[in-house]
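Only one structure is covered here, and it is reproduced in the block below.
The values are calculated or read from the model by the stated rules, or taken from the named source; none is laboratory data. Note that this is a predicted model, so its numbers are computed, not measured. So basically every Cβ, Gly included, is an ideal-geometry build from the backbone, and we count neighbours across all protein chains shown. With ligands, DNA and RNA removed, areas are computed over all heavy atoms of the protein, side chains included. Shrake-Rupley method; radii C 1.70, N 1.55, O 1.52, S 1.80 Å.
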Amino acid sequence: MKTLAQIAAQLQGYDPQAMTADGVLDFLSRLVTPVQEVLDVPLMQALGRVLAQDVVSPFDVPPHDNSAMDGYAFAGAQLAPGAVLALQVVGTALAGKAWQGSVQPGQCVKIMTGAVMPAGLDTVAPQELVALQKTGQTEVVTIAPAVLQAGDNRRRRGEDLMQGRAALLKGELITPARLGLAASLGLQTLRTWRPLRVAYFSTGDEILSLGELPREGAVYDSNRYTVFGMLSRLGCQVIDLGVVRDDPALLEAAFTQAALQADAIITSGGVSVGEADYTKAMMKKLGDVAFWRIAMRPGRPMAVGRISSSKSASAALPETAYSYQNESKDTLLFGLPGNPVAVMVTFIAFVRPALLQMMGARPEPEVLLKARSLEAIRKKPGRTEYQRGRVSTTPDGSLQVRTTGSQGSGVLSSMAQANGLIVLHHGQGNVVAGDEVDVLMFDGAL
Ligand code: AMP
Ligand code: MG
């Protein structure tokens, strides 16, 4: 495991006082190591976890050629240009109950969606495209010219998944569709990386927990709730360590307990310059931690590093802490700024990708959408800015975005109204109304 200094030495022009957003991501990708334990879990518990091995299809899906429609199956070679085709119905193929007989030229089989195609037949005429005539016991369907081609409305064996091929890949996040795909292979369990345990606490003498009486100069803790929400959406197991006052003993106990129990710790507050508190000092004392100034807005200050837990430090903790003991003894630390929107933005920009990497997920570039800005936005080149935006679709089907009001880094209401972040890149300057801007949608993350 590399120290922060070793990683810094690999990077050109590393300057903790002048980090770029890209530089932070690069640093974190070198710092983070995936959890190594795998778990075989029942399918429904696997949602949101990361696959720890490829899933290879044990058979073809679908296992037989079958009908995509309710209609009449026949041999498509009989279709002739400009000619009506008349076929005598000689039987019925139901889903789950194949029709076993043989079919001669001039004959067809009534077939239901999903039923196995009878031998030798490759085309299905949908019910609504044929005319049916009954004379006594005999049924004949006629198909008009030029409405069908050979092979139409037939699903091929293996068109979804081929036997022996990887159906899902190691490192893929298990989504509802992937869960369904695994089920279609008859799998009852999936091998996944174990979920991350993430501890978090808020710091600051002015921060009130819910239930405490308001007092002058104090604010209710919102960061623990946004962090809880974002971690939960990521499928992490959360350990809420509450609000920790600016007191060295309390901070030390909180960090120690968090390091013992969790794979990662997220704190908020106490990392800005000139803070009259002990958070930074305690991080330095207990771990290998870098304090960064990031060229971004909101969210300039941030601490990143590792805290090791030692047996002696754990002696004072309750017995239950041991049962969750973090085997690597090294816990990733994210010291986020205190301002509520800065917490969310730094989480989305940096913590989320780092935690995904730790979960074993394959890195995937964020999907940015282009939307036309409904207003001018002032932007200084030389830092990455995130504006809270509300994206909507115009009548002609293109995307437009407006900001959601005050962009102060403590203003959570404009974050609550937003459905995405307008990302104004490092080198970008002012935006004129009507310009296209990049938007990172919250969908999935928030
Ligand atoms: P700090 O980074 O500790 O200087 O905090 C910056 C600003 O964020 C201050 O106005 C704090 O009151 C506010 N703040 C810090 N932590 C929280 C929190 N958990 N919930 C709401 N506001 C907070
Ligand atoms: Mg503070």
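Take the Cα radius of gyration of the chain and divide it by 2.2 N^0.38 Å, with N its residue count; two decimals is plenty.
Working: Rg = 30.1 Å, N = 446, 2.2 N^0.38 = 22.3 Å.
Cα Rg divided by the expected 2.2 N^0.38 Å: 1.35.
Under 5 Å between amide hydrogens, which residues at least 5 positions from GLY158 or on another chain qualify, with H placed 1.01 Å from N in the peptide plane?
When sequence neighbours closer than 5 places are left aside, the close amide H contacts are VAL61, HIS64.
Run the helix sum for the chain: -39,500 (n - 2.57) per DSSP H stretch of 4+ residues, divided by residue count, reported at 222 nm to the nearest 500 deg cm²/dmol. Don't skip to the end; give the middle numbers.
Values: 12 runs with 92 residues, N = 446.
Result for the chain, helices only: -5500 deg cm²/dmol.
Write down the Kirkwood hydrodynamic radius of region 19-101, to one decimal in angstroms, obtained as one divided by the mean of 1/r over all alpha carbon pairs. Each step should come with its number before you reach the end.
Details: mean 1/r = 0.0501 Å⁻¹.
The answer is 20.0 Å.
Taking only Cα atoms, what is the 0 to 90° angle, nearest 10, from helix 223-233's long axis to the longest principal axis of the chain?
Helix 223-233 and the main axis of the chain meet at about 30 degrees.
Taking a probe of 1.4 Å, how large is the accessible area per residue of the chain, in Å²?
On the way: 21540 Å² over 446 residues.
Result: 48 Å² of accessible area for each residue.
Quick one: 3J(HN,Hα) in Hz for region 68-84, Karplus 6.51/-1.76/1.60 with θ = phi - 60°, rounded, Gly and Pro as x.
Coupling constants for region 68-84: 8, 9, 7, x, 10, 8, 7, 7, x, 4, 7, 6, 10, x, x, 10, 6 Hz.
To the nearest 20 debye, what charge dipole does region 171-305 have about its Cα centre, counting +1 at the Cβ of each Lys and Arg and -1 at the Cβ of each Asp and Glu? Show your work: numbers first, answer last.
On the way: 14 positive and 14 negative charges, 137 e Å.
Dipole of region 171-305, to the nearest 20 debye: 660 debye.
When a/c is below 1.5 the answer is rounded, else prolate if a/b is larger than b/c, else oblate, so apply that to region 369-441 with a ≥ b ≥ c taken from the square roots of the Cα gyration tensor eigenvalues.
Values: a/c = 1.87, a/b = 1.13, b/c = 1.65.
Oblate, since a/c reaches 1.5 and b/c is not below a/b.
Roughly what % antiparallel, to the nearest 5, for the DSSP beta bridges in the chain? Show your work: numbers first, answer last.
Working: 64 of 91 bridges.
Looking only at bridges with both residues in the chain, the antiparallel portion is about 70 percent.
Which whole-Hz couplings ³J(HN,Hα) result when phi for each residue of region 409-420 is put into the Karplus expression 6.51 cos²θ - 1.76 cosθ + 1.60, θ = phi - 60°, listed in order with x for Gly and Pro?
Calculated HN-Hα couplings, in order: 6, x, 8, 7, 5, 6, 6, 5, 7, 7, 10, x Hz.
Calculate the dipole size of the chain relative to its Cα centre from +1 charges on Lys and Arg beta carbons and -1 charges on Asp and Glu beta carbons; express the result in debye to the nearest 20. Could you put the intermediate results ahead of the total?
Values: 40 positive and 41 negative charges, 71 e Å.
Result for the chain is approximately 340 debye, rounded to the nearest 20.
Which whole-Hz couplings ³J(HN,Hα) result when phi for each residue of region 261-272 is put into the Karplus expression 6.51 cos²θ - 1.76 cosθ + 1.60, θ = phi - 60°, listed in order with x for Gly and Pro?
9, 10, 7, 8, 10, 10, 10, 10, x, x, 10, 6
In terms of modelled amide H atoms, which long-range or inter-chain residues lie less than 5 Å from the amide H of MET302?
TRP292, ILE294
Carbon and sulfur together cover what percent of the accessible area of the chain at a 1.4 Å probe radius? The partial results should precede the final answer.
Numbers: 11360 of 21540 Å².
Using a 1.4 Å probe with all protein chains present, the chain comes out at 53 percent carbon and sulfur.
Could you check which residue among VAL198, VAL141, VAL431 shows the biggest mean-square fluctuation in a GNM of the chain with a 10 Å Cα cutoff?
Looking only at VAL198, VAL141, VAL431, the largest GNM fluctuation is found for VAL141.
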